[in-house]
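Report on one structure; see the data block that follows.
The values are calculated or read from the model by the stated rules, or taken from the named source; none is laboratory data. It should be emphasised that the depicted structure is a prediction, and the values quoted were computed from it without experimental measurement. All Cβ positions, even for glycine, are placed from backbone atoms using ideal geometry, and neighbour counts span all protein chains on display.
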Amino acid sequence: MNTFYTEEELSTLGIKQYGKHVLIGKNVMIYNPEKLVLGNDVRIDDFCILSGNIVLGNNIHISHFCGLYGGDKGIWMEDFSGLSSKVTVYAVSDDYTGRSMTNPMVPAEYKPYAYSAKVCIEKHGIVGAGSIILPGVVVQEGTSIGAMSLVTKTTDPWGVYVGTPAKKMKERSRELLELEKQYLEKTQA
C-alpha cells in the first residue's frame with residue numbers, strides 16, 4: 001500500500017506548482033493549495049498541516065506532525081533544508097496581550113495587533129524535533145536548531161542553536177558542502 005500520492009493524484013490537489021519526485025503523504029492537510037510551490041525531491045510525511053503561502057525548494061524533507069502556517073507573508077524553505085517531527089513554523093500570530101481578540105474565526109478588524117512576517121529557512125538549515133519558529137525569523141544558511149528549541153530571532157549562518165529561547169552554542173561544520181557538490185555533480189550529469 002502506497003501512503004504517498006501518485007503523480008496522477010498529485011495533479012488533482014490544486015497545488016500551484018511542483019517539481020519531480022514529490023512525495024506527499026495521503027494524510028497531509030493542505031489549506032490553500034493554490035499558494036503552495038514545491039521544488040524537486042520534496043517529501044512531506046503524513047499528519048502535517050500546510051496553510052498559506054509556502055515555497056519549498058529542492059531536496060527538502062518535512063517529517064510527521066509538522067505545522068507550517070504561512071499566512072500572507074509566507075514561509076520559504078531553501079534547498080537541502082528540513083524539519084524533524086513535530087516542528088511548527090509560524091509566519092502569523094495573534095496578539096496575546098489582551099489588546100486584540102484572537103483566533104481565526106474573529107475578523108481582522110478586531111485583531112489590530114495580530115502579527116505576520118515572512119519566515120525563511122535557508123539552504124542546509126535544519127530544525128530539530130518539537131521546535132517552534134516564530135514570525136520574522138530567518139534560520140540562516142547551514143544553521144542547525146536543536147530539538148525542543150524556541151526560535152524567536154534570526155540566527156547567524158552555520159551556527160548550532162538550542163534552548164528556549166534558542167541560543168547559539170557553537171559553529172556547525174561546513175564539510176557537508178563538499179558532499180553537496182558531489183551529489184549535484186552526480187545527479188546533474
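Annotations
- Filtered residues of the range 1-43 (kept if at negative phi and among the small types (Gly, Ala, Ser)): 11, 19, 25, 39
- Test: residue in the range 30-41 that is closer than 27 Å to residue 148 by Cβ and either outside any loop (DSSP other than H, G, I, E, B) or of a type outside the set (Phe, Trp, Tyr) (or both): yes
- Output for the range 16-48, where each listed residue is in contact with a helix residue (DSSP H, G or I) (Cβ under 7 Å, 6 or more places away or on another chain) and surrounded by fewer than 19 Cβ atoms within 10 Å (Cβ to Cβ): 16
- The set of residues in the range 167-188 being under 26 Å from residue 66 (Cα atoms) and either touching a Pro at 6+ places or on another chain (Cβ under 6 Å) or in contact (Cβ under 8 Å) with a residue 24 or more places away in the chain (or both) consists of 172, 176, 180.
- Residue within the range 92-110 that is surrounded by 22 or more Cβ atoms within 10 Å (Cβ to Cβ), at negative phi and not in a loop (DSSP other than H, G, I, E, B) present: no
- Residue within the range 49-58 that is part of a strand (DSSP E or B) and exposed (fewer than 15 other Cβ atoms within 10 Å of the Cβ) present: yes
- One residue stands out among those in the range 111-134 that are modelled with pLDDT of 95 or more and not in a loop (DSSP other than H, G, I, E, B): the one that is farthest from the chain's Cα centre (by Cα), which is 116.
- Close Cβ contacts (under 6 Å, 6 or more residues apart or on different chains) running from residues in the range 21-50 that are touching a residue at least 12 places away in the same chain (Cβ under 8 Å) to residues that are crowded, with 20+ Cβ neighbours inside 10 Å and among the acidic types (Asp, Glu) comprise 25/45.
- Residues in the range 104-162 that are among the basic types (Lys, Arg) and in contact (Cβ under 8 Å) with a residue 24 or more places away in the chain: 118, 123.
- Unmet criterion (only one of (1) surrounded by fewer than 20 Cβ atoms within 10 Å (Cβ to Cβ); (2) of a type in the set (Ser, Thr, Tyr); (3) within 9 Å of the chain's Cα centre (by Cα)) for residue 69: (1)
- Hey, residue 62 buried (at least 22 other Cβ atoms within 10 Å of the Cβ), over 14 Å from residue 131 (Cα atoms) and either among the aliphatic types (A, V, I, L, M) or under 13 Å from the mean Cα position of the chain (by Cα) (or both) or not: no
- Scanning the range 149-189 for residues that are acidic (Asp, Glu) and in contact with a strand residue (DSSP E or B) (Cβ under 7 Å, 6 or more places away or on another chain) yields 156, 171.
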